[in-house]
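J.: Could you have a look at this structure, given as structure tokens, before my questions?
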């Protein structure tokens, strides 16, 4: 898998904004990706910034049940990764304007 196939998009919520100042970033990742693949993908995508990943935590998020009249269905489930950078690494510049 390519690095851009593993890291799908960032998660932009209030809780993820609070972690940016501590160099903690949240991404939606491919369901089949493991922690080592996520770590190398983040380091490869942001290699021009000199980023080193300290730890990766993953969460499988189940889809919620939604109703539309008498019909019900589920939103898609996805996998989320919380990536913590090392102290000596720089911040990701795309997230600097968000906090």
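Each reported figure results from applying straightforward, stated rules to the coordinates on display, with no laboratory input. None of these values were measured; they are calculated from a predicted model. Note that each Cβ is placed from the backbone with ideal geometry, even for glycine, and that neighbours are counted across all protein chains shown.
J.: Pairing the Cα long axis of helix 35-45 with the longest principal axis of the chain, what angle in degrees results, from 0 to 90 and rounded to the nearest 10?
T.: Helix 35-45 sits roughly 60 degrees off the main axis of the chain.
J.: A further question on this structure: Could you give the nm distance between label points at residue 97 and residue 5, where each point is 7 Å from its Cα heading toward the beta carbon?
T.: Computed distance between label sites residue 97 and residue 5 equals 3.1 nm.
J.: What is the fewest-to-most order of 51, 82 by other Cβ atoms lying within 10 Å of their Cβ? All intermediate terms of the calculation are to be shown ahead of the outcome.
T.: Details: 51 20, 82 17.
Lowest to highest Cβ neighbour count: 82, 51.
J.: Starting from the Cα of residue 80, move 7 Å in the Cα-to-Cβ direction to define the label point; list residues of the stretch 42-69 whose amide nitrogen is under 17 Å from there.
T.: Inside the label zone: 56-65.
J.: log₁₀ I(q)/I(0) of the chain at q = 0.15, 0.18, 0.20 Å⁻¹, via Debye over equal Cα point scatterers, no solvent, to two decimals?
T.: Taken in order of the listed q values, log10 I(q)/I(0) reads -0.62, -0.82, -0.98.
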